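Below is one structure, written out as structure tokens; comments come after it.
The values are calculated or read from the model by the stated rules, or taken from the named source; none is laboratory data. Quick caveat, the model's predicted, so the values are computed rather than measured. Because the Cβ atoms are built from the backbone with ideal geometry, glycine has one as well, and the counts that use them run over all protein chains shown. What goes into the accessible areas is simple: the full protein's heavy atoms, side chains included, and nothing from ligands, DNA or RNA. Shrake-Rupley method; radii C 1.70, N 1.55, O 1.52, S 1.80 Å.
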Amino acid sequence: AVIADLGCGECWYTSKIYSHLTESGRDTGIYGIDISKTALISGAKRCRELNLAVGSIAALPIPDGSCNAVLSVFAPYNGAEVLRITEPGGYFIKVVPLERHLIELKSVIYDNPYENKAELENLPGFELVMQTRVEKKLLIDSAEDISNLFKMTPYYYKTGRDDQQKINSLTSLETTAQFLIETFVKVKN
């Protein structure tokens, strides 16, 4: 299997996929692409077998049609580039937040928390083959874990220092995880 994880960050998902596939006896090449060199350094420490590169979703450093599967987990992607690097019959799996994803976390930070815009899209060259909606309440009972969750979100970078302090005062938080997993297959010509 040749898999590309776009916006892989510190490679948590990427390393889990690699471990699962290799433990089941599959020969696997996994490529992680991210714009953050610092995140990729952490990813390389997490799993040395990954092939990692600093790159932009606008011009992925991956050959045409070379991937059996492409992933985008809570990360931006470029549909034309995903189409270019995916082999015919290959898969594109994307995970996107739904309307109330982490709404309780946002309620701590913002006076008027907004719901996410959950927009389904048609991807030219791909056919949607499966959608899975996931919703679960999470109880986070450690200040460190709450802080880590907050730092994984775009809200961390869009929030001023005063509002960030609201998160630092929490020792427990119950919040909603609500997201959509969509699986597409590249149409064979």
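Being touching a residue at least 60 places away in the same chain (Cβ under 8 Å), assigned to a helix (DSSP H, G or I) and open to solvent by 20 Å² or more (accessible area, probe 1.4 Å) is a property that holds for Tyr13. Selection of the range 69-84 for residues being surrounded by fewer than 16 Cβ atoms within 10 Å (Cβ to Cβ) and not in a loop (DSSP other than H, G, I, E, B) yields only Ala80.
Restricting attention to the range 52-68 and to residues that are touching a strand residue (DSSP E or B) at 6+ places or on another chain (Cβ under 9 Å) and part of a strand (DSSP E or B), the residue that is modelled with the lowest pLDDT turns out to be Ser56. Are any residues in the range 84-130 more than 21 Å from Thr14 (Cα to Cα) and of a type in the set (S, T, N, Q), and if so, which ones? Result: Ser107, Asn112, Asn116, Asn122. Of all the numbered requirements in (1) free of Cβ contacts under 8 Å to residues at least 12 places away in the same chain; (2) loosely packed, with under 11 Cβ neighbours inside 10 Å; (3) under 20 Å from Ala75 (Cβ atoms), Asn148 misses one, and that requirement is (2). Selection of the range 116-136 for residues being over 15 Å from Arg100 (Cβ atoms), of a type in the set (A, V, I, L, M) and open to solvent by less than 90 Å² (accessible area, probe 1.4 Å) yields Leu123, Leu128, Val129. Checked against the criterion of being open to solvent by less than 30 Å² (accessible area, probe 1.4 Å), within 17 Å of Met152 (Cα to Cα) and acidic (Asp, Glu), the range 20-42 contains one or more residues that satisfy it. Pairing residues of the range 16-30 that are closer than 12 Å to Asp5 by Cβ with residues that are polar (S, T, N, Q) and open to solvent by less than 40 Å² (accessible area, probe 1.4 Å), at Cβ distances under 7 Å and at least 6 apart in sequence or on separate chains, gives Tyr18/Thr28; Ile30/Thr14. Of the residues in the range 33-40, at least one is over 30 Å from Gln165 (Cα atoms) and at pLDDT 95 or above. Return the residue satisfying two criteria in turn: it lies in the range 151-183 and is of a type outside the set (Ser, Thr, Tyr) and open to solvent by less than 20 Å² (accessible area, probe 1.4 Å), and of such residues it is farthest from Gly7 (Cα to Cα). Top of the filtered list is Leu173. Considering (1) over 26 Å from Gly55 (Cβ atoms); (2) open to solvent by 100 Å² or more (accessible area, probe 1.4 Å), the lone condition that Tyr91 does not fulfil carries the number (1). Within the option set Glu87, Glu49, being among the acidic types (Asp, Glu), in a strand (DSSP E or B) and farther than 21 Å from Pro154 by Cβ holds for one residue only, Glu87. Condition check: open to solvent by 90 Å² or more (accessible area, probe 1.4 Å), at pLDDT 90 or above and in contact with a strand residue (DSSP E or B) (Cβ under 6 Å, 6 or more places away or on another chain). Does Leu139 satisfy that? Answer is yes for this residue. Would you call Glu99 part of a loop (DSSP other than H, G, I, E, B) and under 18 Å from the mean Cα position of the chain (by Cα)? In short, yes.
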